[in-house]
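Everything below concerns the one structure shown next.
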Amino acid sequence: MRVDFFRLSEMDAALWQEVMALRSDVFVLEQQCVYLDPDKEDTDAIHLLFRDEETITGYLRIIEKEDWHLGRIIVPQSHRGKGLGKELVTAGVNFCKQQSLQKDIVMSSQVYLSDFYSSLGFAAKGRMYLEDGIPHIHMVFNEALKAAVD
């Protein structure tokens, strides 16, 4: 499995099309969520891809603002149940920590996945809210929590 980090300007059209097809398959078709994708965040985001010889096996994007935001976290249905989600989020967290320890690492988690992200060291903050019609909760990475679950 290859792990690659790209800016959008570093991707060729075929790879970007593959990313967009995966995001559409999971978010639009599987989760029946209609929203604007791609969005303006893609231009400056860091796109993390897990790939085998044939296909993308995991994807997330990292947005740097006042904090690090992990989003669009995807493992294709054909590759789920193999621990790739944990590896993917861990790779994203490690990338953010290498860049700056001064910033929080946050995400907007679908509520049904919050226990999974808690097992990786994220803590829910605040109340549930709807994002694109799906219940979400704000989560913040906590190094002490991560150490407790390891």
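Laboratory data are not the source of any read-out in this text; all were calculated from the coordinates shown. Small disclaimer: the values here were computed from a predicted structure and weren't measured. Every residue, glycine among them, receives a Cβ derived from its backbone with ideal geometry; neighbour counts consider all protein chains shown.
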| Which value in Å does the Kirkwood hydrodynamic radius of the range 2-149 take, with 1/r averaged over all unlike C-alpha pairs and then inverted? | 15.8
| remark: Low-density loop trypsin sites (Lys or Arg not before Pro), the range 1-83, at most 16 other Cβ within 10 Å, DSSP non-H/G/I/E/B, are 65, 80, 82
| Using bins 5 angstrom wide from zero, how does P(r) for the range 57-134 break down, in % of all Cα pairs? | 3, 14, 24, 26, 20, 10, 2, 0
| remark: Counting lysine pairs in the chain that sit 8 or more positions apart or on different chains, with Cα atoms under 15 Å apart, gives 5
| query | Given DSSP loops and a limit of at most 10 other Cβ atoms within 10 Å, what is the longest stretch of the chain that contains no such GluC sites (Glu not before Pro)? | reply | 67-150
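Could you please report the charge total around residue 5, scoring K, R as +1 and D, E as -1 over all other residues with beta-carbon less than 13 angstrom from its beta-carbon?
Numbers: positive: 2, 7, 51, 61; negative: 4, 10, 64.
Counting the neighbours of residue 5, the net charge comes to +1.
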| From the backbone phi of the range 26-41, what are the Karplus-calculated ³J(HN,Hα) couplings (6.51 cos²θ - 1.76 cosθ + 1.60, θ = phi - 60°) in whole Hz, Gly and Pro given as x? | 7, 7, 7, 7, 5, 9, 6, 10, 9, 7, 6, 8, x, 10, 5, 5
